[in-house]
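The values are calculated or read from the model by the stated rules, or taken from the named source; none is laboratory data. These numbers come from a predicted model, not from an experiment. In this analysis, Cβ positions are derived from the backbone assuming ideal geometry, glycine residues included, and neighbour counts consider all displayed protein chains. Only protein heavy atoms, including side chains, enter the accessible area calculation; ligands, DNA and RNA are left aside. Shrake-Rupley method; radii C 1.70, N 1.55, O 1.52, S 1.80 Å.
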Amino acid sequence: RIEILINSIMNRPIHRRVLNASNTDTNSIQIEEDEFSILETVDELRDFSRVLHARQPKNCFFREKIPWKTITLCVIFFILGSVFLTAWAVKWSNSSFSESYEFMLLGLIMFIPGSYHVFILVQVLRGVEGYDYDMLDVLDQD
């Protein structure tokens, strides 16, 4: 147990203030301090830590890194895939499938991943919850 490890390091019992959270919403936690008591489990320590850190201010210096190379590449894939699929449709209407299947393969190979990543990019730019730049395959390895 973690108490034994900490007790052996500090040579004193682990104490904490008993905090009663009246609401689980992190923006409106009402904290009432009671007397000191000993932490008994790791789960209590984890819960205590969550209550203490629930009202931490946001880091005003944090800036989400935008993967510009990845965005550029996925837009290029989407556009070129669309161009190749259009060229395939035009060539297929004027000739046989065996003469035009190269355009279809190139178009599909570029259009499918390009459209997937462009969809994610549009959702991120719209601010839809659950979508962020981490979902894109990043080419910028700085």
Among rounded, prolate and oblate, which fits segment 68-142 when a ≥ b ≥ c are the square roots of the eigenvalues of its C-alpha gyration tensor, a/c under 1.5 means rounded, and a/b larger than b/c means prolate?
prolate
Using the Karplus curve 6.51 cos²θ - 1.76 cosθ + 1.60 with θ = phi - 60°, what ³J(HN,Hα) values do you get for each residue of segment 47-54, in whole Hz, with x for Gly and Pro?
5, 4, 5, 5, 5, 5, 9, 5
Can you list the HN-Hα couplings for segment 61-68, worked out from phi with the Karplus curve (6.51, -1.76, 1.60; θ = phi - 60°), rounded to whole Hz and with x for Gly and Pro?
9, 6, 9, 5, 6, 9, x, 5
Pop out the ³J(HN,Hα) list for segment 112-123 in order, Karplus 6.51 cos²θ - 1.76 cosθ + 1.60 with θ = phi - 60°, rounded to Hz; leave Gly and Pro as x.
5, x, x, 5, 4, 6, 5, 4, 4, 4, 5, 5
With every protein chain in place, the accessible area of GLU64 for a 1.4 Å probe, in Å² rounded to the nearest 10, comes to 80 Å²
What dipole magnitude, in Debye to the nearest 20, does segment 93-142 give about its Cα centre under +1 on Lys/Arg Cβ and -1 on Asp/Glu Cβ?
280 debye
Charge-dipole axis of segment 83-142 as Lys and Arg at +1 and Asp and Glu at -1 on Cβ define it, positive-most pick from LEU108, LEU85, TYR131
LEU85
Accessible area per residue, Å², segment 75-142 with all protein chains present, probe 1.4 Å
68 Å²
